[in-house]
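One structure below.
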Amino acid sequence: MTTPDYSEKIPNNVSLHEDRRLQRALESWQPDFLTWWQDMGPTLPAQDVYLRTATDVRGEGWATFGHVPMKDYRWGIFLADRNPDRTIAFGQHKGEPAWQKVPGEYRSELRRLIVIQGDTEPASVEQQRNLGATAPSLYDLRNLFQVNVEEGRHLWAMVYLLHAHFGREGREEAAELLHRNSGSQDAPRILGAFNEETPDWLSFFMFTYFTDRDGKYQLGTLKESAFDPLSRTCEFMLKEEAHHMMVGTTGVDRVVERTARVMTENDTDDVAGHGAIPLDVIQKYLNFHYSVSLDLFGGETSTNVANYYSAGLKGRWLEERRSDDHVLTDDSIMVDALIDGQIGVTEVSALTGLNTDLRREYIADCEGGVKRWNRILERAGVGRRLYLPHVAFNRQVGAFAPIEASPSGDRLTAGEWESRKGEWLPTDTDKTFVRSLMKPVYERGKIASWLAPPRNGINGQPFDYEYVHLV
Ligand code: BYC
Ligand code: FE
Ligand code: FE
């Protein structure tokens with residue numbers, strides 16, 4: 001069955017009504033989710049928002065658009081279609097039929113992967129909850145809310161798997177996903193980046209560019225999973241994720257475009273007085289979000305990831321396009337490492353180096369963004385360029401966590417780092433300045449001073465469309 005059924009209490013395309021126990025369990029989690037959304041979700045009250053809702057899981061026209069009161073949004077459970085002939089593409093079980101049930105020996109690892117994935121989704125909603133109060137336009141406000149409701153749906157996607165396949169432990173984990181909170185002292189979110197603040201819209205665009213992009217790559221590896229329900233869930237989530245990528249990419253585009261224009265029109269680097277964001281502040285935000293997102297890939301070498309791969313739980317990005325044996329027991333890979341205290345590389349087995357393999361795919365993708373933004377600067381006639389900092393810069397996870405390094409990859413002493421980090425990471429002054437620009441613009445067709453309007457609206461609507469009706 002493909003088409004989501006909206007006549008049920010929990011919209012779904014998994015024939016939930018055929019499994020009363022599961023349906024009841026999820027229906028008892030639903031009010032807790034809604035309470036969490038009330039308490040931890042978007043704070044700006046809106047009458048309704050021009051949102052897309054999934055009405056199919058295939059092809060282009062999979063969503064319908066319309067004004068919806070956010071509290072009435074229909075969060076549901078949608079999996080991509082099942083391919084009954086699907087076989088496992090990698091690892092020890094390569095060639096065997098994909099699993100419809102969780103094998104007992106991989107239960108705890110699979111649960112762990114699903115819990116970590118599930119934890120990030122509500123975390124991002126919590127991080128972004130206050131941004132509505134400073135939205136630079138109704139178009140941007142609508143995109144924020146769209147991202148928020150879909151991250152909420154991604155939580156549903158993981159909770160469905162926990163409830164359907166992991167018994168009582170799964171239900172307990174599902175409850176915990178609503179109890180941990182971003183930035184909480186007692187019960188923080190699991191991964192570092194999801195306990196950072198997203199206090200302003202420059203952070204939001206950087207987050208959706210760099211951190212949602214980690215989501216794209218991690219979901220890509222879980223889509224390869226031998227556990228077919230996880231694979232199908234992730235396949236559909238990736239469809240939604242494309243919009244989050246668009247928000248980040250074009251968001252940063254528009255900030256850079258505005259800054260470049262103010263620079264050339266006034267023949268100055270000092271655009272702050274003109275209500276735009278200086279390029280070096282943009283670079284500092286980029287440095288922060290990129291380095292924190294690199295931490296999300298785990299260590300350069302990891303026995304966890306080697307085990308996940310060999311067991312068939314987590315594959316590589318575009319596994320089927322790789323032209324090796326998909327088992328990797330005889331292969332090796334060069335990974336970043338500290339060699340006698342110096343930044344270098346070392347050869348390790350391909351299996352333990354799989355986090356590095358994925359991170360490389362991610363970095364190559366991020367380079368595309370920087371190229372784009374530099375093209376905008378070039379076309380505007382601005383000589384300066386943005387860049388990605390070195391992988392050793394500002395790291396809390398992996399080989400370079402114990403050391404300090406500059407964005408160009410020079411090792412620094414702790415003292416040098418302390419005295420110079422304000423050149424590379426947002427300082428309190430930078431953050432205060434960016435926040436001072438964050439004044440809400442809720443008038444139709446109007447836009448804040450610090451970014452350019454988008455080239456295209458949503459679903460063919462113009463920029464000055466009434467995307468949100470505020471109360
Ligand atoms: N913060 O063996 P290692 C998204 C832990 S984003 C804190 O190298 P492994 C989204 C690690 O758990 C995608 N702890 O790690 C985006 C391990 O702990 P244990 C989210 C960290 O397991 C925007 C220990 O350090 N999905 O969807 O190879 C908006 C040793 O590490 C961190 C996934 O991540 C960190 N940054 O790889 C909304 C997919 N990094 O075992 C949504 C599922 C590592 O010693 N997760 N640690 O207790 C995984 O595949 C892996 O768990 C990781 C880590 C890639 C995260
Ligand atoms: Fe997500
Ligand atoms: Fe996302």
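The values are calculated or read from the model by the stated rules, or taken from the named source; none is laboratory data. Please read these numbers as outputs of a predicted model, since none were measured by experiment. All Cβ positions, glycine included, derive from the backbone under ideal geometry; neighbour counts span all protein chains shown.
Things worth noting here:
- For M237: the one exception among (1) within 14 Å of ligand 1 (Cβ to nearest atom); (2) outside any helix (DSSP H, G or I): (2)
- Being assigned to a helix (DSSP H, G or I), touching a Pro at 6+ places or on another chain (Cβ under 8 Å) and either within 16 Å of ligand 3 (Cβ to nearest atom) or in contact (Cβ under 8 Å) with a residue 24 or more places away in the chain (or both) holds for only one residue in R232, R254, R261, and it is R254.
- Condition check for D214: among the acidic types (D, E), part of a helix (DSSP H, G or I) and farther than 27 Å from Q461 by Cβ: yes
- Some residue of region 149-159 being within 16 Å of ligand 1 (Cβ to nearest atom) and assigned to a loop (DSSP other than H, G, I, E, B): no
- Within region 331-345, the residues that satisfy the criterion of being of a type outside the set (D, E, K, R) and not in a loop (DSSP other than H, G, I, E, B) are S332, I333, M334, V335, A337, L338, I339, Q342, I343, G344, V345.
- Matching residues in region 262-293 - criterion: being more than 19 Å from L388 (Cα to Cα), buried (at least 23 other Cβ atoms within 10 Å of the Cβ) and small (G, A, S): A276
- Scanning region 177-194 for residues that are crowded, with 18+ Cβ neighbours inside 10 Å and of a type outside the set (A, V, I, L, M, F, W, C) yields R180, N181, S182, R189.
- Taken as a whole, region 378-387 holds at least one residue that is crowded, with 16+ Cβ neighbours inside 10 Å and under 26 Å from L296 (Cα atoms).
- L437 vs. criteria out of contact with any Pro (no Cβ under 7 Å at 6 or more places or on another chain) and hydrophobic (A, V, I, L, M, F, W, C): yes
- Among the residues listed as M206, M237, the single one being within 14 Å of ligand 3 (Cβ to nearest atom), under 17 Å from the mean Cα position of the chain (by Cα), buried (at least 24 other Cβ atoms within 10 Å of the Cβ) and closer than 22 Å to V434 by Cβ: M206
- Residues satisfying the criterion are absent from region 7-17 (criterion: of a type in the set (S, T, Y) and within 23 Å of the chain's Cα centre (by Cα)).
- Filter pass, T259 being surrounded by fewer than 20 Cβ atoms within 10 Å (Cβ to Cβ) and either away from ligand 2 (no atom under 16 Å from the Cβ) or basic (K, R) (or both): no
- Exclusive hit being within 14 Å of E151 (Cα to Cα), within 16 Å of ligand 1 (Cβ to nearest atom) and touching a residue at least 60 places away in the same chain (Cβ under 8 Å), set R74, R129, R52: R129
- Residue list for region 406-444, restricted to those being surrounded by fewer than 16 Cβ atoms within 10 Å (Cβ to Cβ), without any contact (Cβ under 8 Å) to a residue 60 or more places away in the chain and small (G, A, S): S408, A414, G415, S419, G422, S436
- Against the conditions (1) free of Cβ contacts under 8 Å to residues at least 12 places away in the same chain; (2) under 26 Å from W156 (Cβ atoms); (3) in a loop (DSSP other than H, G, I, E, B), G95 satisfies every one except (2).
- Region 217-229, residues that are within 14 Å of ligand 3 (Cβ to nearest atom) and either without any contact (Cβ under 8 Å) to a residue 40 or more places away in the chain or aromatic (F, W, Y) (or both): Y217
- Any chance Y362 is closer than 22 Å to G215 by Cα, buried (at least 18 other Cβ atoms within 10 Å of the Cβ) and within 20 Å of the chain's Cα centre (by Cα): yes
- Meets criteria (among the hydroxyl-bearing types (S, T, Y) and surrounded by 11 or more Cβ atoms within 10 Å (Cβ to Cβ)) for S28: yes
- When A135, A123 are checked against the criterion of being touching a residue at least 24 places away in the same chain (Cβ under 8 Å), within 11 Å of ligand 1 (Cβ to nearest atom) and either surrounded by 15 or more Cβ atoms within 10 Å (Cβ to Cβ) or closer than 15 Å to G41 by Cα (or both), A123 stands alone in meeting it.
Results for (1) over 30 Å from N459 (Cβ atoms); (2) assigned to a strand (DSSP E or B), shown as yes or no for each residue.
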| position | (1), (2) |
| --- | --- |
| T43 | no, no |
| V49 | no, yes |
| D56 | no, no |
| K71 | no, no |
| V115 | yes, no |
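- Residue match in region 153-160 (condition: more than 27 Å from S28 (Cβ to Cβ) and touching a residue at least 12 places away in the same chain (Cβ under 8 Å)): no
- When residues of region 297-310 are limited to those that are of a type in the set (S, T, Y) and either within 16 Å of ligand 3 (Cβ to nearest atom) or assigned to a helix (DSSP H, G or I) (or both), the one surrounded by the fewest Cβ atoms within 10 Å (Cβ to Cβ): T303
- Per the listing L313, L294, the residue uniquely modelled with pLDDT of 95 or more and either charged (D, E, K, R) or outside any helix (DSSP H, G or I) (or both) is L313.
- Top-ranked residue of region 55-71 - restricted to ones that are in contact with a strand residue (DSSP E or B) (Cβ under 7 Å, 6 or more places away or on another chain) and touching a residue at least 60 places away in the same chain (Cβ under 8 Å), ranked as surrounded by the most Cβ atoms within 10 Å (Cβ to Cβ): M70
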